[in-house]
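The values are calculated or read from the model by the stated rules, or taken from the named source; none is laboratory data. Because the structure is predicted, anything quoted here is derived from the model rather than measured. All Cβ positions, even for glycine, are placed from backbone atoms using ideal geometry, and neighbour counts span all protein chains on display. Accessible surface areas use protein heavy atoms only, side chains included; no ligands, DNA or RNA. Shrake-Rupley method; radii C 1.70, N 1.55, O 1.52, S 1.80 Å.
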Amino acid sequence: MSDIVTPTLDNLSEESRTFPPSDSFAAAANVTADAYREADADRLGFWAERARRLDWATPFEQVLDWSNAPFARWFADGRLNVAVNCLDRHVAAGLGDRVAFYFEGEPGDSRTITYRELTDDVCRAANALTDLGVRAGDRVAIYMPMIPETVVAMLACARLGAPHTVVFGGFSSEALATRILDCDAHVVITADGGWRRGSVAPLKPAVDDALAQCPDVDAVLVVRRTGNDVAWTEGRDHWWHETVDPASPHHDPEAFDAEHPLYVMYTSGTTGKPKGILHTSAGYLTGCSWTQYEVFDVKPESDVYWTAADIGWVTGHSYIVYGPLSNATTSVLYEGTPDFPDKDRWWSIIEKYRVSILYCAPTAIRTHMKWGHEYAARHDLSSLRVIGSVGEPINPEAYIWYRSHIGGDRTPVVDTWWQTETGSIMISPLPGVTAGKPGAAMTPLPGVSADVVDDDGNSVPNGSGGYLVLTEPWPSMLRTIWGDDDRYRETYWSRFPGRYFAGDGAKRDADGDIWLLGRVDDVMNVAGHRLSTTEIESALVANPKVAEAAVVGRADETTGQAVVAFVILRSEAGDGGPHVAAELRDWVANQIGKIARPAQIMVVAELPKTRSGKIMRRLLRDVAENRPVGDVTTLADTTVMETIRSGMASSANQED
Ligand code: PRX
């Protein structure tokens, strides 16, 4: 871990109102304050009870084995099947006709899928994947748009005990290839494309490109979603409708060990190489199932739940797929963007399906704020009763706007803090218990132990800031980084031995409530997406024109942070030509994905470095955010910052 900066405390709220739940909400809530007392009295017993909400083929006796810390084993002597817990058990309980998903395609097509239909489809896909050679333990890569087949593919893998790795459809072929190779997947599931703002966003060409580097992939299953032409490799490529649709809807599920791998999700860390976060079966499902029930107060028999996120991120895994389905929830699945055909699309979906619980990211809320509340005002949003936020700190203005214009000044707002690594929500208000404060994630959930500590690992007093740590293991925690136990230990458990280091700065306010203050490492958060400065730097220096690069995240009103890159060109590239900035921005988009495209690139002659050669990103952040440049005394050449600052002032924002 490098370049740790002390978290700043300056983005705290002037807003002093708190929002307690109404008496009627509190009286009907799934969870009361007793849950905190129960968990405090017997943490492991508390989690064991939550795990018993699942259907076990072999019940567990052992709750936690932490003898080989930090490698946890939860409920390890039990066996279950995750897909059965999300599907078959609900059908067996007479809920086969309940809607699992209202699918809303971007062009306006829609499908209603019941639990029975979803179960049948998952069985068909499991049989088809078996015919393609997939066995328990084999990894399967999924590169898909937001369509029902994506959920079917994930659950079919879970049913077979074949860990999936879902790669966000916005990632490039390079990024896809890296992930396929890292987890050694031999089968890829994709689609011809998805709909995005009225056009086809193709996916299959990126798979074809990626597979040029992945000789071990021998089967590609392709869903026909958009009908665009795709290149075809005979023998390797198979249409979903010709392979899955005719397969048998009967499939006998096998029970797997509680610790059987469920999926690998890649996320950015502080080095150039993404980390494959490994989640296993029963502990993960216990965490996302219980927290979906607890934090959103879900009443599966009457609520319509919508997580407006992409399945390609952990939020989609835990709160579109595994959490909601394990609780037999009815969810909305929406394919497209919030502004197609107009900026009221989300609100029209809420009105159409009478959505009662909405979960989305602050960046989306701020975008809607910018567009204006009149779009929401066109629709009846009175069905909403809980609204949630995830992915980055929510500023109090956005919180108040969300609560008032979307929640009708009526709904509790749950600001939920968690990470790909934590698997499920860790710090959040409970909507029937907590008096929410705009901008604060408030308190660890029952059964979760968190602390805010200083550089030496001492707990800070109320009113102070420090680093967020989790002090006890929890069921949905990552088990390791795929293929790299040392990196797992080093990244999360070495900064404060015995405690999980989250990489976030946090503050405890005068009441002891927790406010998240953003990352304290080289990870940026752009529109709720996690990006590594080093990964973008590596992409830039792979361009033949670039000699050196330094990337920082600068504050951005809508996206939280925006990527700014400083590059030194190779001498043979001269001044790089008039379009060098645009060219390099596209280069990064091609190497990693559009989400990583820098908002601004500045060509510089030198970068600020210490005498030992380390780039001082802190100073570049000052320049990018238009602040006076901080202490430069450790720089090898103190004039370099002046040159960069004057150049920056004349370089316009290049964002499109
Ligand atoms: O910095 C924190 C921020 O998002 C990071 C985790 O990103 P990722 O693994 O992509 O997962 C995002 C969805 C769970 C955290 O380290 N973060 C997430 N939720 C919040 C947050 N920051 C502040 N408040 C939140 N509610």
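Nearest 5 percent is fine: what portion of the DSSP beta bridges confined to the chain is antiparallel?
Values: 59 of 96 bridges.
Here the share of antiparallel DSSP bridges comes out near 60 percent.
Please turn the phi angles of the range 238-248 into ³J(HN,Hα) values with the Karplus equation 6.51 cos²θ - 1.76 cosθ + 1.60 (θ = phi - 60°), one per residue in order, whole Hz, x for glycine and proline.
9, 6, 4, 5, 8, 10, 7, 3, x, 6, 5
Ordered by packing density, taken as the mean number of other Cβ atoms within 10 Å over each peptide's residues, highest first, how do 334-343, 216-225, 170-179 rank?
Final packing ranking: 170-179, 216-225, 334-343.
Any idea how far apart residue 626 and residue 382 come out in nm if each label point goes 7 Å out from Cα toward Cβ?
4.5
Hey, how many Å between the Cα centroid of the range 226-303 and the Cα centroid of the range 140-191?
Using only Cα atoms to place each centre, the spacing works out to 8 Å.
I'd like to check one number: the per residue accessible area of the range 500-608, probe 1.4 Å, reported in Å² as a whole number. Spell out each step's value before the answer.
Numbers: 3660 Å² over 109 residues.
For the range 500-608, the per-residue accessible area is 34 Å².
Count the lysine pairs in the chain whose Cα atoms sit under 18 Å apart, keeping only pairs 8 or more residues apart in sequence or on different chains.
Count of close lysine pairs: 5.
Using +1 on the beta carbon of Lys and Arg, -1 on that of Asp and Glu, and nothing else charged, what's the dipole of the range 541-611 about the Cα centre, debye to 20?
It comes to approximately 180 debye.
Let me have the 222 nm mean residue ellipticity of the chain computed from DSSP H runs of 4+ only, each contributing -39500 (n - 2.57), with the sum over all residues rounded to the nearest 500. Before the final figure, lay out each step's value.
Numbers: 20 runs with 177 residues, N = 656.
Using -39500 (n - 2.57) per qualifying helix, the result is -7500 deg cm²/dmol.
Return the FRET efficiency for the residue pair residue 337, residue 494: r is the Cβ-Cβ distance, R0 is 25 Å, and the value is rounded to the nearest 0.05. Could the numbers behind the result be given before it?
Details: r = 41 Å, r/R0 = 1.63.
E between residue 337 and residue 494, to the nearest 0.05, is 0.05.
Given the options 379, 327, 361, identify the residue whose Cα lies farthest towards the positive end of the charge dipole of the range 327-401 (+1 on Cβ of Lys, Arg; -1 on Cβ of Asp, Glu).
Among 379, 327, 361, the one farthest towards the positive end of the dipole of the range 327-401 is 327.
Near the amide H of residue 304, under 5 Å away, which other amide H atoms are found, from residues 5 or more places off or on another chain, if H is placed in the peptide plane?
Here the answer is 356, 357, since their amide H atoms fall under 5 Å of that of residue 304.
Keeping all protein chains in place, calculate the accessible area per residue for the range 225-315 (probe 1.4 angstrom), answer in Å². Each step should come with its number before you reach the end.
Numbers: 3080 Å² over 91 residues.
Using a 1.4 Å probe on heavy atoms only, each residue of the range 225-315 averages 34 Å².
Please identify which residues in the range 620-651 have an amide N closer than 16 Å to a label point set 7 Å out from the Cα of residue 611, following the Cα→Cβ vector.
632-639
Between the range 493-509 and the range 89-120, what is the separation of their alpha carbon centroids in Å?
Cα centres, the range 493-509 to the range 89-120: 41 Å.
Report, in debye and to the nearest 20, how large the dipole of the chain comes out about its Cα centre when Lys and Arg carry +1 and Asp and Glu carry -1 on their Cβ.
Computed about the Cα centre, the dipole is about 480 debye.
Using amide H atoms built in the peptide plane, which far-off residues or other-chain residues are under 5 Å from residue 547 H to H?
568, 569, 570
Please list 3J(HN,Hα) in residue order for the range 477-482, calculated via the Karplus relation 6.51 cos²θ - 1.76 cosθ + 1.60 where θ = phi - 60°; whole Hz, with x for glycine and proline.
Per-residue couplings from phi come out as 5, 4, 9, 5, 9, 3 Hz.
Each residue of the range 88-104 in order: what ³J(HN,Hα) in whole Hz does its phi give by Karplus 6.51 cos²θ - 1.76 cosθ + 1.60, θ = phi - 60°, with x for Gly and Pro?
Values per residue, Gly and Pro as x: 3, 5, 6, 5, 5, 8, x, 9, x, 8, 5, 6, 8, 9, 9, 8, 10 Hz.
Classify the chain as rounded, prolate or oblate, taking a ≥ b ≥ c as the square roots of the eigenvalues of its Cα gyration tensor: rounded when a/c is under 1.5, otherwise prolate if a/b is larger than b/c and oblate if not.
rounded
Just the accessible area per residue of the range 29-109, please: how many Å² with a 1.4 Å probe?
On a per-residue basis, the range 29-109 sits at 44 Å².
Would you please give the FRET efficiency between residue 232 and residue 136, computed as 1/(1 + (r/R0)^6) with r the Cβ-Cβ distance and R0 = 22 Å, to the nearest 0.05?
Numbers: r = 30 Å, r/R0 = 1.35.
The pair residue 232/residue 136 has a calculated efficiency of 0.15.
Quantify, in whole percent, the carbon and sulfur part of the accessible surface of the chain (1.4 Å probe; protein heavy atoms only).
48
List the trypsin sites (Lys or Arg not before Pro) in the range 550-640 that DSSP assigns to loop (not H, G, I, E or B) and whose Cβ has at most 11 other Cβ atoms within 10 Å. Which are they? Mind dumping the intermediate values first?
On the way: sites: 554, 570, 585, 594, 609, 611, 614, 617, 618, 621; in loops: 570, 611, 614.
Counting only loop positions with at most 11 other Cβ atoms within 10 Å, the trypsin sites (Lys or Arg not before Pro) in the range 550-640 are 611.
Please list, ordered by chain and number, the residues whose modelled amide H lies under 5 Å from the amide H of residue 520; skip anything fewer than 5 residues away on the same chain.
It is 504, 505, by chain and number.
What nm value, rounded to one decimal, do you get for the distance between residue 92 and residue 486 when each label is placed 7 Å out toward the C-beta?
Distance between label points: 4.5 nm.
Please give the peptides 497-510, 555-568 ranked by average Cβ packing (other Cβ atoms within 10 Å per residue), highest first, as a rough proxy for protection.
Final packing ranking: 555-568, 497-510.
If we sort 373-385, 145-157, 118-130, 65-77 on the protection proxy, mean other Cβ atoms within 10 Å, highest first, what's the order?
145-157, 118-130, 65-77, 373-385
Determine, from the Cβ-Cβ distance of residue 638 and residue 112 and an R0 of 56 Å, the FRET efficiency 1/(1 + (r/R0)^6), rounded to the nearest 0.05.
0.30
What is the dipole size for the range 313-369, taken about its Cα centre, with +1 at each Lys and Arg Cβ and -1 at each Asp and Glu Cβ, in debye to the nearest 20?
120
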